[in-house]
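Here's the structure we're looking at; comments come further down.
The values are calculated or read from the model by the stated rules, or taken from the named source; none is laboratory data. It should be emphasised that the depicted structure is a prediction, and the values quoted were computed from it without experimental measurement. Using ideal geometry, Cβ is built from the backbone for each residue, glycine included, and neighbour counts are taken over all protein chains shown.
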Amino acid sequence: MSGIIDIFRKRRLRKDGKEDPERIFPAYNAIGSLVFLYNITSREEIDTLNECCRIFREHKLAYDGFAYIRKGKLLSVARNEIKDGIRLFGRRQVSLIGTPGPRITAQIPENGYDVLLNFNADSSFATKYLAATTKCGFRIAMREEKEIKYDMIISGSGGALLDKSEFADRVCYYLESINSVKGKKDER
């Protein structure tokens, strides 16, 4: 019985504890790899995910994506409609304690990503785990979470949550505008 209790005690997110005080927003043209985490809970979210991918392509950002889908029927629909190399995973690829299985975690490069985007207004433990354990230079999210420290939170007016496609558009806008400010600063 104590073995089962130990499993659920280990369910909390692990943090490496190393904070980099010199962390800066990356230059737009220096972003070599961007990863995003996404929960799909309805049919409309599949269309929104495709819209977000279109926004990233318009801004010429190379990206990887991990989308967690709880409902089996929705997973089969998503596999037919999402063709952008997004890694879809469902309940069968998640362990009993809620962490993504080795098939998913093996697809994360060891050297990590430059930017991590968390699209999840209501994160599952699987996507929280990926957000906490994926090596990345800069983390951006739609809302704060106790377990994970993000470098930037992008929300609407008054702290309201944004639509996910609006979030993707604002991230690209901030990346481009900060890069143009850096370019002007370097010219002086």
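General observations
- Against the conditions (1) small (Gly, Ala, Ser); (2) loosely packed, with under 14 Cβ neighbours inside 10 Å; (3) within 16 Å of residue 167 (Cα to Cα), residue 65 satisfies every one except (2).
- One residue stands out among those in segment 97-117 that are touching a helix residue (DSSP H, G or I) at 6+ places or on another chain (Cβ under 7 Å) and in a loop (DSSP other than H, G, I, E, B): the one that is surrounded by the most Cβ atoms within 10 Å (Cβ to Cβ), which is 99.
- Residue 57 meets each of the listed conditions (1) within 18 Å of residue 134 (Cα to Cα); (2) more than 16 Å from the chain's Cα centre (by Cα); (3) free of Cβ contacts under 8 Å to residues at least 40 places away in the same chain apart from (1).
Results for (1) small (Gly, Ala, Ser); (2) modelled with pLDDT of 85 or more, shown as yes or no for each residue.
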| position | (1), (2) |
| --- | --- |
| 1 | no, no |
| 7 | no, no |
| 26 | no, no |
| 35 | no, yes |
| 38 | no, yes |
| 44 | no, yes |
| 70 | no, no |
| 76 | yes, no |
| 101 | yes, yes |
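- When every residue of segment 133-140 is checked against the conditions, at least one turns out to be more than 25 Å from residue 156 (Cα to Cα), surrounded by 15 or more Cβ atoms within 10 Å (Cβ to Cβ) and either at pLDDT 85 or above or touching a helix residue (DSSP H, G or I) at 6+ places or on another chain (Cβ under 6 Å) (or both).
- Some residue of segment 154-166 being within 21 Å of residue 69 (Cα to Cα), in a helix (DSSP H, G or I) and within 12 Å of the chain's Cα centre (by Cα): yes
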